[in-house]
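I have placed the structure first, in the form of structure tokens, so that the comments after it can refer back to it.
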Amino acid sequence: MPLLAVTREPLSVEKLSADVAALSGAEGEGCGAVTSFAGLVRAHHQGRAVTHLEYEAYEPLALKSFEQIRREAKDQWPGVVLGLHHRIGRLEIGEASIVIAAAAAHRAAAFEVCRYVIERVKQIAPIWKHEYFSGGGDAWVEGAVADPNDAAARELARARACASA
């Protein structure tokens, strides 16, 4: 699977991390750190028991936004190698909906990139979450609302990524 993907297949943080590390080892200063993030389907949301989720995406635009996020990360953290996979379709409790892996020469950059990427995905990727609840009922969770070129939104994501607490 490519480093940037929207897929119906189960996600593997281990596989994506290994792919990112292998590519990073061949570039620049090499790989001194690989960090990863996996977003999992929670069993509860706002006090309600969740039975499952369904994700929808406008795939061509989602991939375009992933590429923009990768470019932004490389501009902010030169030499970083990024992998980002988001799942669509039906997901059960505990399954990964998103996995991110970042390889960099130093650990601080790798951690910051993972945090930056999840913040930007939530800001700009055209991916929508539909939650289904125990006992009936469902709700759409608002998706991306920021303009991908909004510098203030980009700066907010960077500030969150680089926050020390």
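The values are calculated or read from the model by the stated rules, or taken from the named source; none is laboratory data. All figures in this text were calculated on a predicted structure; none of them were measured in a lab. Because the Cβ atoms are built from the backbone with ideal geometry, glycine has one as well, and the counts that use them run over all protein chains shown.
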Filter result for Ile98 (under 20 Å from Leu3 (Cβ atoms) and in contact (Cβ under 8 Å) with a residue 24 or more places away in the chain): yes
Those residues of the range 92-144 which are within 18 Å of His52 (Cβ to Cβ), under 13 Å from the mean Cα position of the chain (by Cα) and not hydroxyl-bearing (Ser, Thr, Tyr), in sequence order: Ala96, Ile98, Ile127
Every pair of residues 6+ apart whose Cβ atoms lie under 8 Å, when the first sits in the range 40-60 and is farther than 15 Å from Arg8 by Cα and without any contact (Cβ under 8 Å) to a residue 40 or more places away in the chain while the second is assigned to a strand (DSSP E or B) and among the acidic types (Asp, Glu): none
Residue, nearest to His45 (Cα to Cα), within the range 122-165, restricted to residues that are of a type in the set (A, V, I, L, M, F, W, C) and in contact with a Gly (Cβ under 9 Å, 6 or more places away or on another chain): Trp128
Verdict on Val145 being touching a helix residue (DSSP H, G or I) at 6+ places or on another chain (Cβ under 8 Å), of a type in the set (A, V, I, L, M, F, W, C) and either modelled with pLDDT under 80 or surrounded by fewer than 18 Cβ atoms within 10 Å (Cβ to Cβ) (or both): yes
Residue ID - nearest to Ile69 (Cα to Cα), chosen from residues in the range 87-144 that are out of contact with any Phe, Trp or Tyr (no Cβ under 9 Å at 6 or more places or on another chain) and among the hydroxyl-bearing types (Ser, Thr, Tyr): Tyr132
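For every residue, the table says whether it meets (1) surrounded by 16 or more Cβ atoms within 10 Å (Cβ to Cβ); (2) in contact with a Leu (Cβ under 6 Å, 6 or more places away or on another chain); (3) of a type in the set (A, V, I, L, M, F, W, C).
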site	(1), (2), (3)
Gly83	yes, yes, no
Ile93	no, no, yes
Ala101	yes, yes, yes
Ala105	yes, no, yes
Tyr116	yes, no, no
Gln123	yes, no, no
Gly137	no, no, no
